[in-house]
There are 2 protein chains.
Amino acid sequence: MQKNAIILFSGGLDSTTCLAIAKSQGFVCYALSFSYGQKHQVEVEWAKKIAATSGVAEHKILNLPLDELGGSSLTDKQKKVDDHVANGSIPATYVPARNTIFLSFALAWGEVIGAVDIFIGANHIDYSGYPDCRPDYLQAFEQMAVLATKRGREGERFIIHAPLLQMNKADIIRAGVKLGVDYSQTLSCYRADAAGRACGSCDSCVYREKGFSEAGVDDPTIYVL
Amino acid sequence: MQKNAIILFSGGLDSTTCLAIAKSQGFVCYALSFSYGQKHQVEVEWAKKIAATSGVAEHKILNLPLDELGGSSLTDKQKKVDDHVANGSIPATYVPARNTIFLSFALAWGEVIGAVDIFIGANHIDYSGYPDCRPDYLQAFEQMAVLATKRGREGERFIIHAPLLQMNKADIIRAGVKLGVDYSQTLSCYRADAAGRACGSCDSCVYREKGFSEAGVDDPTIYVL
């Protein structure tokens, strides 16, 4: 029997590849997106389009008021989303506790629909240095999840799948291409305009561009300039 | 210098006592409430009134769409909130992953305002058997929190304070009375009416009533009948 899985799904390169991997592993996929006050909210529209043609069992979009807490240039209108700078520190685009919040909602939905498998497109090679994309964090969340839930207490084990964790962007793109992912449908830019055109110079764009280049795959991204 | 703390705050007996304890320990208190699609949403109005007279630095109320996930008689209009039954199983009022979601938002806000102390009124004596009120869960959340956050990665340690954890309801009430809590201002009932009158027979009411009785404190709750 096929098992249900929840896929955290932004419509970007990583989570779209992650969805394709979950499908290739035989999971019935429930995609979960968030409209969380991100300036690049247009990503949710792209996520909808991908989900509609990806054979997911359901695509749920939840509104979360992360912008009411602030603390990130992705949600705070007073802060500018900067160009990529490679200095090893956690950048201003970090959204406090975002993955913990997203995974917690996945846990809740998983309790309800009977999905103990949760996929997240986190990777920590070619990434922005966010604390909540690292392996030790994901392991700790998994341990907490078993104790947090009814299913966990009854003997089931929630598994946080992060199949991209040890892949660089080029690896991810190669894996996605093999699985038939159409990257022209994905949107990664933090500063995408209303039409979904990418800026080409934010953190997310820089890692994405580098990935296509290293993978030797034509970059289908439409840039503003 | 006084330290900031986030207090998960529903306006009920437990969280109001928890707020009083945090204040008595010298914390500058930031109260955090959620309108999460609970049928007894009137509790948020009560929380507002208590917060307004409790000297909190700020009271934030966030809207979360937990009712879109369902899975609980507290949020699902198709399900009835039952009378209390003492049978040891996790009751239908359990809201999947609720405390994990609430604590995750506290974590996010704590990152922003510089509060690594988070108070939650969880207790696991005289309680409904919810998995996410138990000591091992709270410890696991704390461990995860350090790895999830920028402050954690920078060497600070988030602390989940659950001062009521090992207290029964009578102990909680006695502690609150000593600290000057006015329990007539608190609302605990899962089936409270629009005026905030309690049903007297849901899980929450039964434990509360028993607590006042055992503590030898007059029960100021206004019941429907």
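Of everything in region B:177-216 that is among the acidic types (Asp, Glu) and not in a loop (DSSP other than H, G, I, E, B), the residue that is surrounded by the fewest Cβ atoms within 10 Å (Cβ to Cβ) is B:Glu214. Being touching a residue at least 60 places away in the same chain (Cβ under 8 Å) and among the hydroxyl-bearing types (Ser, Thr, Tyr) holds for only one residue in B:Thr149, B:Thr93, and it is B:Thr93. Only residues that are within 12 Å of another protein chain (Cβ to nearest Cβ) and in a helix (DSSP H, G or I) were counted across region B:133-176, and they come to 19. Taken together, B:Gly129, B:Gly71 contain a single residue that is within 11 Å of chain A (Cβ to nearest Cβ), under 18 Å from the mean Cα position of the chain (by Cα) and on the phi > 0 side of the Ramachandran plot, which is B:Gly129.
Applying a threshold of 6 Å to beta carbon distances and a minimum spacing of six or more residues, or different chains, the list of pairs starting in region B:14-35 at a residue that is in contact (Cβ under 8 Å) with a residue 40 or more places away in the chain and ending at one that is of a type in the set (D, E, K, R) and part of a strand (DSSP E or B) reads B:Tyr30/B:Glu58; B:Leu32/B:Lys60. Residue check: A:Ala20 meets all listed conditions (1) over 30 Å from B:Trp109 (Cα atoms); (2) over 13 Å from the mean Cα position of the chain (by Cα); (3) among the aliphatic types (A, V, I, L, M) but one, namely (2). Apart from one condition, A:Asp14 fits all of (1) among the acidic types (Asp, Glu); (2) more than 22 Å from A:Ala170 (Cβ to Cβ); (3) surrounded by 23 or more Cβ atoms within 10 Å (Cβ to Cβ); the exception is (2). Search region A:27-68 for residues being over 24 Å from A:Asn4 (Cβ atoms) and among the aliphatic types (A, V, I, L, M), and hand back the single one that is nearest to the other protein chains (Cβ to nearest Cβ). Of everything passing the filter in region A:27-68, A:Leu66 is nearest to the other protein chains (Cβ to nearest Cβ).
Considering region B:102-120, and only residues there that are assigned to a loop (DSSP other than H, G, I, E, B) and touching a Lys or Arg at 6+ places or on another chain (Cβ under 9 Å), the residue that is surrounded by the most Cβ atoms within 10 Å (Cβ to Cβ) turns out to be B:Ala115.
Of the candidates B:Gly88, B:Gly11, the single residue that is on the phi > 0 side of the Ramachandran plot, more than 14 Å from every other protein chain (Cβ to nearest Cβ), outside any strand (DSSP E or B) and in contact (Cβ under 8 Å) with a residue 24 or more places away in the chain is B:Gly11. Figure legend. Inter-residue proximity from region B:196-219: first residues under 16 Å from B:Glu43 (Cβ atoms), second residues surrounded by fewer than 17 Cβ atoms within 10 Å (Cβ to Cβ) and among the charged types (D, E, K, R), beta-carbon distance below 7 Å, spacing 6+ or different chains. Indicated pairs: B:Cys202/B:Asp83. Just one of (1) in a helix (DSSP H, G or I); (2) out of contact with any helix residue (DSSP H, G or I) (no Cβ under 8 Å at 6 or more places or on another chain) fails for A:Gln78. It is (1). Picking from residues in region B:171-211 that are more than 24 Å from B:Val224 (Cβ to Cβ) and aliphatic (A, V, I, L, M), the one that is nearest to the chain's Cα centre (by Cα) is B:Ala175. Going residue by residue through region B:109-117, is there one that turns out to be away from every other protein chain (no Cβ under 12 Å), in contact (Cβ under 8 Å) with a residue 24 or more places away in the chain and not charged (D, E, K, R)? Looking for residues that are away from every other protein chain (no Cβ under 12 Å), in contact (Cβ under 8 Å) with a residue 24 or more places away in the chain and not charged (D, E, K, R), one finds at least one in region B:109-117, hence yes.
Regarding A:Val146, is this residue among the hydrophobic types (A, V, I, L, M, F, W, C), surrounded by fewer than 24 Cβ atoms within 10 Å (Cβ to Cβ), over 14 Å from the mean Cα position of the chain (by Cα) and farther than 25 Å from A:Cys205 by Cβ? Please lay out each step first, then the result.
Details: among the hydrophobic types (A, V, I, L, M, F, W, C): yes; surrounded by fewer than 24 Cβ atoms within 10 Å (Cβ to Cβ): yes; over 14 Å from the mean Cα position of the chain (by Cα): yes; farther than 25 Å from A:Cys205 by Cβ: yes.
When the stated conditions are applied, A:Val146 passes them.
Yes or no: B:Tyr223 touching a residue at least 12 places away in the same chain (Cβ under 8 Å), of a type in the set (Phe, Trp, Tyr) and within 12 Å of chain A (Cβ to nearest Cβ)?
no
Of all the listed residues (A:Asn123, A:Asn99), the sole one being of a type in the set (S, T, N, Q), in a helix (DSSP H, G or I), closer than 22 Å to A:Leu187 by Cβ and in contact with a Cys (Cβ under 9 Å, 6 or more places away or on another chain) is A:Asn99.
Readers should treat all values here as calculations from the given coordinates under stated rules, not as data from a laboratory. Predicted model, so just to flag it, every value in this text is computed and none were measured. For neighbour counting, all protein chains shown are included, and Cβ atoms are generated from backbone atoms with ideal geometry for every residue, glycine included.
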